[in-house]
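Heads up, the thing below is written out as structure tokens.
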Amino acid sequence: MQSSTNIRFKNYTQQQLSLLPPSLEELIEENHPVRVINQVIDRLDLQPLIKKYKGGGTSSYHPRMMLKVLVYAYVNNIYSSRKIEAAIKENIHFMWLAAFNRPDHNTINRFRSDRLKGVFKEIFTQVVMMLVESGHIDLQKVYLDGTKIEANANKYTFVWSKSVQRYKNGIKKQLEELWQYAESVAKEELSMEKPIDFEKLDAKKIENTIETINNALKDKPIDKKKQKLNYAKKNWARNYEKYQEQEEILGERNSYSKTDTDATFMRMKDDHMKNGQLKAGYNFQISTSNQYVVNYTNHHNPTDTKTLIPHLEEFNKQFQTLPKELTADAGYGSEENYEYLENKEIEAYVKYNYFHMEQHKKRKATPDFHQDKLYYNEQEDYYVCPMGQRMHKIGIRKTTNENGFTQELHLYQAQNCNACPLRGMCHKSKKNRIIQVNHKLKRYKAKAKNLLLSEKGKEHRSQRPVDVEAVFGNIKQNKKFTRLNLRGNEKVEIEIGLVYLSHNLLKYARTA
């Protein structure tokens, strides 16, 4: 048995003084990510940020130091300003970056929310351009996708566009009924009043109308209508003004949260079974290259279809150029998007609905009466139904979406479907079958299909989930960033930008 007298411990004296105190520089490894982040931010031109400081009064913490601390905090999944304040006092890497400065959480939060407002995207772009120069990023070939992130908002404090409109219409209808009632029992008292346009109401007009009705019914017996008038006098004008304010906040959206009015209610994929819940959130779109984020945009649309054009416009504004090749999934395959990409001479490897179903062997072997399977004579402009009848054009229908984009639908009708043995399988209409064909969209789909099925297209299709979806996986799973901490469009864009910048710099640090 070993004797306890042979045990040796290393020296442990907490009060031991050093003749030469250790330097933080010596305590940090040469290849540590904090050194890479420090070097990258030292190379940035921060003049736009420095101009945000007015000068005078007491001295301010240097914005370069504040930016280094903030970015490094996001690299380490520290998003709370109070936790960043604690890290500056306790963590040697933060101490080294801050050069022993100790900004408190209020200073950190003001820098993130206010100082970086309007200038952070320029800082992000500078880092991207550094990565382009070093060969890590190729702006000519990018992958596009989007994800929804929950807002810092109460999910029960919602306002819905349809509800606001219904409440407004309810007040209009009840006010009109009160006016008609007043005319029926006090016609003489209202004879000098001008007719009221109930379609163009505002709070002041409602208030004046109720006052007029009240004066007309002043000497009339009290009944249910007159009791209702008392309630209307107290509430209707105020409520109508509130609904108008809510409509202004809504704009073109269908909902918003009262605790973050810029957040829109969207269906979130909360678990691996994709059992979505309706929560206030933001739809963030990113372009990636080699798993680096090169551009990001924030959108209120829950669907991705309407985000492609504004995202690429922001890309062009950011880099003064557009990518030559773009790869995206079927959520972006609309006629408007295909037309934009063709006009901008971007090679679009963008899927459309049913692209994968068209490649399925069982679907190819199954008899189908879909209009896409019908023979079309382009020269004489007619279709042939499954029974061999010609379907001639009977007109053109135009539709315009909320963006002002117009689609042309060509209508073709069969000559006689009576007694056709295939009618039950072909269509269920009581009249002769009519099909609507968007020739322009068909051309775009055919072009997209050829690109997607080419060798280059297969390469892009296999690379897309690896390139862009891996970024979302890293941010949500590894960085644990599933809910925003700030509120409002401007602050939210800064925060998500910090997340993407920290992702880029950490990836760069691991390969540098």
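Kindly establish whether Asn254 is among the polar types (S, T, N, Q) and either closer than 21 Å to Val466 by Cβ or touching a strand residue (DSSP E or B) at 6+ places or on another chain (Cβ under 8 Å) (or both).
On the way: among the polar types (S, T, N, Q): yes; either closer than 21 Å to Val466 by Cβ or touching a strand residue (DSSP E or B) at 6+ places or on another chain (Cβ under 8 Å) (or both): yes.
Yes, satisfied.
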- For segment 95-113, what are the residues that are assigned to a helix (DSSP H, G or I), in contact (Cβ under 8 Å) with a residue 24 or more places away in the chain and either over 18 Å from Arg487 (Cα atoms) or not small (Gly, Ala, Ser) (or both)? Met95, Trp96, Leu97, Ala98, His105, Asn106, Thr107, Ile108, Asn109, Phe111, Arg112
- Task: May I ask you to verify whether Tyr338 is in a strand (DSSP E or B) and in contact with a Leu (Cβ under 9 Å, 6 or more places away or on another chain)?
- Result: no
- Considering segment 429-472 alone, what residues qualify as being of a type in the set (Ser, Thr, Tyr) and in a helix (DSSP H, G or I)? Tyr444, Ser462
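Residue-wise test of (1) β-branched (Val, Ile, Thr); (2) modelled with pLDDT of 95 or more; (3) assigned to a helix (DSSP H, G or I).
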position	(1), (2), (3)
Val293	yes, yes, no
Asn298	no, yes, no
Phe315	no, yes, yes
Pro323	no, yes, no
Leu326	no, yes, no
- Item | Evaluation of Tyr156 against (1) at pLDDT below 90; (2) hydroxyl-bearing (Ser, Thr, Tyr); (3) under 39 Å from the mean Cα position of the chain (by Cα); (4) part of a helix (DSSP H, G or I) (one fails), failing number | (4)
- Do you know which residues across segment 117-153 are touching a Gly at 6+ places or on another chain (Cβ under 8 Å) and not in a strand (DSSP E or B)? Phe120, Lys121, Phe124, Ala151
- Does Ile78 meet the test of being touching a helix residue (DSSP H, G or I) at 6+ places or on another chain (Cβ under 9 Å) and either of a type in the set (S, T, N, Q) or at pLDDT below 95 (or both)? no
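What tally of residues in segment 128-153 results from selecting those that are under 23 Å from the mean Cα position of the chain (by Cα) and of a type outside the set (D, E, K, R)?
Of all residues in segment 128-153, those under 23 Å from the mean Cα position of the chain (by Cα) come to 128, 139, 141-153.
Now drop any that are not of a type outside the set (D, E, K, R), which leaves 128, 139, 142-144, 146-147, 149, 151-153.
Qualifying residue count for the region: 11.
Having 3 or more residues that are hydrophobic (A, V, I, L, M, F, W, C) and within 30 Å of the chain's Cα centre (by Cα) is the bar; report the helices (runs of 4 or more DSSP H) wholly within segment 7-80 that clear it. First the steps, then the outcome.
On the way: elements: 24-27, 33-42, 47-50, 63-75.
Once the helices (runs of 4 or more DSSP H) in segment 7-80 are filtered for at least 3 residues that are hydrophobic (A, V, I, L, M, F, W, C) and within 30 Å of the chain's Cα centre (by Cα), what remains is 33-42, 63-75.
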- Message: Can you tell me how many residues within segment 183-212 are part of a helix (DSSP H, G or I), at pLDDT 80 or above and surrounded by 15 or more Cβ atoms within 10 Å (Cβ to Cβ)?
- Response: 7
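Can you tell me which residue is surrounded by the fewest Cβ atoms within 10 Å (Cβ to Cβ) among those in segment 114-132 that are more than 20 Å from Thr297 (Cβ to Cβ) and in contact with a helix residue (DSSP H, G or I) (Cβ under 8 Å, 6 or more places away or on another chain)?
Taking segment 114-132 first, the residues more than 20 Å from Thr297 (Cβ to Cβ) are 114-115, 130.
Narrowing the set further to residues that are in contact with a helix residue (DSSP H, G or I) (Cβ under 8 Å, 6 or more places away or on another chain) leaves 115, 130.
Values: Arg115: 21, Met130: 16.
Filtering segment 114-132 for residues that are more than 20 Å from Thr297 (Cβ to Cβ) and in contact with a helix residue (DSSP H, G or I) (Cβ under 8 Å, 6 or more places away or on another chain), the one surrounded by the fewest Cβ atoms within 10 Å (Cβ to Cβ) comes out as Met130.
What are the residues in segment 398-433 that are of a type in the set (D, E, K, R), out of contact with any Ser or Thr (no Cβ under 7 Å at 6 or more places or on another chain) and either surrounded by 11 or more Cβ atoms within 10 Å (Cβ to Cβ) or free of Cβ contacts under 8 Å to residues at least 12 places away in the same chain (or both), if any?
First, pick out the residues of segment 398-433 that are of a type in the set (D, E, K, R): 398, 402, 408, 423, 428, 430-431, 433.
Add one more test, that the residue is out of contact with any Ser or Thr (no Cβ under 7 Å at 6 or more places or on another chain), and what stays is 402, 408, 423, 428, 430-431, 433.
Residues satisfying the conditions are Glu408, Arg423, Lys428, Lys430, Arg433.
Could you check segment 489-512 and list, in sequence order, the residues that are among the hydroxyl-bearing types (Ser, Thr, Tyr) and either surrounded by fewer than 21 Cβ atoms within 10 Å (Cβ to Cβ) or touching an Asp or Glu at 6+ places or on another chain (Cβ under 9 Å) (or both)? Reasoning before the result, please.
Of the residues in segment 489-512, the ones among the hydroxyl-bearing types (Ser, Thr, Tyr) are 500, 502, 508, 511.
Passing the criteria: Tyr508, Thr511.
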- Any idea which of Val127, Val185, Val132 is of a type in the set (A, V, I, L, M, F, W, C), without any contact (Cβ under 8 Å) to a residue 40 or more places away in the chain and farther than 23 Å from Asn230 by Cα? Val132
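The values are calculated or read from the model by the stated rules, or taken from the named source; none is laboratory data. These numbers were taken from a predicted model, which means no experiment stands behind them. Reconstructed Cβ throughout: ideal geometry from the backbone, glycine too, with neighbour counts over all protein chains shown.
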